[in-house]
Amino acid sequence: IDFDLILENIKYLNLLAGEGISQIEHTLQGARLRQPEPLPLTLYKNGIIMCNGAFRPYQDPSTQQCLQDIMDGYFPSELQSRYPNGI
């Protein structure tokens, strides 16, 4: 696992997802600026935790696919059902 590449690509993907850019959220009283909600990803020596879910060891095929997507420069494909319209 290339952790340097993962961290570099996460920075890039965060920019694509709108990190640091506020969006207008309409309310009954008018509108307000809102930051996109982050998706926490914690990297450990022997696995990951994503979106405050369960610990996932690196040997797990779904974890390997998730990290491979990130290393390839893509958002993890497992997030498609959570964000069907994209980021």
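Some points to look at:
- Selection within the range 19-39: residues that are in a loop (DSSP other than H, G, I, E, B) and surrounded by 10 or more Cβ atoms within 10 Å (Cβ to Cβ). The member of this set that is farthest from the chain's Cα centre (by Cα) is S22.
- Pairs with Cβ under 7 Å, 6+ apart, first in the range 73-87 and at pLDDT 90 or above, second small (G, A, S): E78/S62
- Candidates I70, I1, I10 - the one that is aliphatic (A, V, I, L, M), touching a helix residue (DSSP H, G or I) at 6+ places or on another chain (Cβ under 9 Å) and open to solvent by 70 Å² or more (accessible area, probe 1.4 Å): I1
The values are calculated or read from the model by the stated rules, or taken from the named source; none is laboratory data. Keep in mind that what you see is a predicted model, and the values were worked out from it rather than measured. Cβ sites come from the backbone with ideal geometry, for glycine too, and all protein chains shown count toward neighbours. Quick note on the areas: whole protein, heavy atoms, side chains included, nothing else; ligands and nucleic acids left out. Shrake-Rupley method; radii C 1.70, N 1.55, O 1.52, S 1.80 Å.
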